[in-house]
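Enquirer: Structure in structure tokens, see below.
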Amino acid sequence: MSNYKKLITLINRKQAKVCVVGLGYVGLPIAIEFAYKGFFVYGFDTKESRVQRLKKGISYIDDISDKDVKKAIGKKLYPTCCVSDLSKADVIIICVPTPLRKRKVPNISYIIKASNSIRNHLRKGQLIVLESTTYPGTTRDVILPILQKGGLKEAADFFLSFSPERIDPGNKKYPFAKIPKVVGGISKEATALTKTLYSKVIDKVVTVSSAETAEIVKLLENTFRIVNIGLINEFAMVCNKFRIDVWEVVKATKTKPFGFMPFYPGPGLGGHCIPTDPLYLSWKARKLGFKTKMIDLAAKTNLFMPYYVAQRAEELLQLKGRDIDKARILVLGVTYKKDVKDLRESPALDIIGLLKDKGSRVSYSDPYIPYLDINSICMKNTKITQAGLKKYDLVILTTDHKKFNYKPIAKNAKLIFDTRNAFEKAGIKSAHIIKL
Ligand SMILES: NC(=O)c1ccc[n+]([C@@H]2O[C@H](COP(=O)([O-])OP(=O)(O)OC[C@H]3O[C@@H](n4cnc5c(N)ncnc54)[C@H](O)[C@@H]3O)[C@@H](O)[C@H]2O)c1
């Protein structure tokens with residue numbers, strides 16, 4: 001029997017052993033889902049502390065509870081740091097980070113390192129799937145040569161494909177199984193095997209003609225977001241010049257039943273995906289002699305937003321006769337989006353830094369972050385109290401966590417700058433609440 005036939009039979013019978021490489025925001029939910037659906041899963045991570053926590057049934061990811069971890073371990077999830085376990089798996093799914101380097105160029109060193117580990121344990125009959133977001137060509141031009149170094153051939157001996165991860169941390173409406181999965185293989189055999197694999201855990205799998213197409217699908221998704229967010233952020237700044245409420249504008253515009261999709265302004269972009277992924281595309285396009293003007297402009301506009309917020313804060317204080325270098329400011333919410341613990345690339349951190357540079361005394365309050373020790377900011381969370389709120393010249397709402405109790409904040413703060421329209425959404429309107 002061919003390697004392909006053997007593997008497809010194993011997958012169809014759920015006897016294929018799956019190894020997820022990298023147990024972060026993406027990898028851990030995938031590993032758990034495969035274990036729940038009856039597959040034996042090795043969860044491989046180089047960070048020993050993470051593996052130890054999982055073995056004890058402790059989660060370190062927002063959307064995954066300790067109970068979820070315990071249930072998966074009780075089924076068939078085996079967390080491991082042992083790289084030789086890679087050879088025991090029939091399917092290996094790579095979910096390692098793809099950050100940017102300081103000069104905003106792609107850093108695919110984690111993918112290369114993981115691929116080298118897999119190559120050292122590669123055997124006939126394995127399927128390797130890359131899920132990490134990256135530029136088109138990574139699977140074919142970077143991973144394939146590494147895996148073929150040992151003499152095994154793709155499509156005959158092993159199979160390689162790309163399938164972008166679309167998980168949205170904190171989004172309860174679309175759990176893992178309900179988000180359609182796009183798959184593109186190096187060979188048609190790889191596409192077929194990957195489609196069969198994901199069909200066991202996800203309701204809908206969409207195949208495309210190549211790994212490159214699958215890679216760029218993810219980049220279109222996040223480019224669409226960065227450009228539209230850049231556009232609405234620019235629109236917010238224009239509306240402010242006209243003294244028009246941008247939030248009211250979007251609310252009215254979205255009543256058009258076709259041809260418009262609402263995006264909302266904010267204090268800037270954060271997280272691991274939207275600020276990063278489109279820059280993977282623009283970098284690769286530049287290598288091919290093409291300049292992505294839209295992406296570059298959107299990235300620049302979004303990067304400007306923390307400066308804009310700090311500047312507006314200064315103007316608002318001036319209107320109240322307060323100088324920013326003598327002001328006490330409370331920043332509400334420091335994570336990059338609401339209801340998550342994730343601080344990666346959070347614009348609130350830039351805003352805190354900018355306000356401090358202007359000489360303000362800045363505190364923060366965030367129910368998810370007990371202390372900050374990041375980007376040369378060392379601060380402790382401030383508990384919100386009625387008396388405490390009265391001490392601040394300005395409160396800036398940067399992250400609209402559901403846990404904030406908006407009514408008492410509005411009642412006791414002297415002046416509020418709301419960058420998320422959170423107070424109005426909570427039914428509170430007042431002259432001392434100024435919106436972005
Ligand atoms: N976080 C998201 O919301 C999201 C959504 C869609 C796609 N993605 C993409 O998925 C990929 C992973 O992102 P993430 O947020 O899960 O990252 P993460 O930092 O949360 O997790 C990555 C994990 O990989 C581990 N790791 C690093 N190198 C390793 C190696 N050589 N072998 C084994 N483990 C290794 C790390 O220790 C860490 O636990 C990235 O490419 C990201 O762009 C992320």
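Any read-out appearing in this document is the output of simple, stated calculations on the displayed coordinates, not a laboratory observation. Computed from a predicted model, the values in this text were never measured in an experiment. Backbone-built Cβ (ideal geometry, glycine too); neighbour counts: all protein chains shown.
Enquirer: Quick check: from the Cα gyration tensor, does region 9-124 come out rounded (a/c under 1.5), prolate or oblate?
Expert: Verdict is oblate for region 9-124.
Enquirer: Also: Cβ neighbours within 10 Å, averaged per peptide: list 112-125, 56-69 in order, most packed at the top. Walk me through the numbers before you get to the answer.
Expert: Values: 112-125: 18.0, 56-69: 16.1.
My ranking of the peptides, most packed first, is 112-125, 56-69.
Enquirer: To check you understand DSSP bridge types, tell me what percent of the beta bridges within region 3-209 (both residues inside) are antiparallel, rounded to 5.
Expert: Working: 3 of 27 bridges.
Beta bridges within region 3-209, antiparallel portion: roughly 10 percent.
Enquirer: Same structure again: If you keep only loop residues by DSSP, which trypsin sites (Lys or Arg not before Pro) in region 267-324 have at most 14 other Cβ atoms within 10 Å of their Cβ?
Expert: Filter output for region 267-324: Lys291, Lys320.
Enquirer: Bin by bin, in steps of 10 Å, what percent of the Cα pairs in region 3-209 do you find, going until the bin that has the longest distance?
Expert: 9, 37, 39, 14, 1
Enquirer: Turning to a different aspect of this structure: Rounded, prolate or oblate: which one fits region 95-192, using the alpha carbon gyration tensor with axes a ≥ b ≥ c (rounded when a/c is under 1.5, else prolate when a/b beats b/c, else oblate)?
Expert: Cα axes put region 95-192 in the oblate bin.
Enquirer: If you keep only loop residues by DSSP, which chymotrypsin sites (Phe, Trp or Tyr not before Pro) in region 276-379 have at most 16 other Cβ atoms within 10 Å of their Cβ?
Expert: Sites meeting the loop and neighbour criteria: Phe290.
Enquirer: Right, next: Before rounding to the nearest 500, sum -39500 (n - 2.57) across all DSSP H runs of length at least 4 in the chain and divide by the residue total; then give [θ] at 222 nm in deg cm²/dmol.
Expert: Values: 15 runs with 172 residues, N = 436.
Helix-only estimate at 222 nm: -12000 deg cm²/dmol.
Enquirer: Nearest-5 percent of antiparallel DSSP beta bridges in the chain?
Expert: 15 percent
Enquirer: Tell me whether region 297-406 comes out rounded, prolate or oblate; compute the Cα gyration tensor, take square roots of the eigenvalues as a ≥ b ≥ c, and use a/c under 1.5 as the rounded threshold. Let's see the in-between values first.
Expert: Details: a/c = 1.56, a/b = 1.05, b/c = 1.49.
Cα axes put region 297-406 in the oblate bin.
Enquirer: Tilt of helix 277-287 relative to the longest C-alpha principal axis of the chain, in degrees (0 to 90, nearest 10)?
Expert: Tilt relative to the chain: about 70 degrees.
Enquirer: Right, something else. Could you give the angle, 0 to 90 degrees to the nearest 10, between helix 293-319's Cα long axis and the longest principal axis of the Cα atoms of the chain?
Expert: It works out to around 30 degrees.
Enquirer: Taking Cα atoms, how many degrees apart are the long axis of helix 211-242 and the longest axis of the chain, rounded to 10 and kept between 0 and 90?
Expert: Relative to the chain, helix 211-242 is tipped by roughly 0 degrees.
Enquirer: May I ask you to compute the full-extension gain from Lys55 to Gln15, defined as 0.36 nm times their residue separation minus their alpha-carbon distance, rounded to one decimal in nm? Walk me through the numbers on the way to the answer.
Expert: Numbers: separation 40, 0.36 × 40 = 14.40 nm, distance 2.27 nm.
Once the chain is fully extended between Lys55 and Gln15, it gains 12.1 nm.
Enquirer: Can you grab the distance from the C-alpha centre of region 407-436 to the C-alpha centre of region 19-54, Å, no decimals?
Expert: 42 Å
Enquirer: Just to verify a number: FRET efficiency for Asn381 and Lys102, C-beta to C-beta distance, R0 = 30 Å, to 0.05?
Expert: Efficiency, rounded to the nearest 0.05: 0.55.
Enquirer: Which of Thr255, Thr419, Thr276 moves most in a GNM of the chain, Cα contacts under 10 Å?
Expert: So, out of Thr255, Thr419, Thr276, the one fluctuating most is Thr255.
Enquirer: As a test, work out the antiparallel percent of DSSP beta bridges whose residues both lie in region 225-435, rounded to the nearest 5.
Expert: The antiparallel fraction comes to roughly 20 percent.
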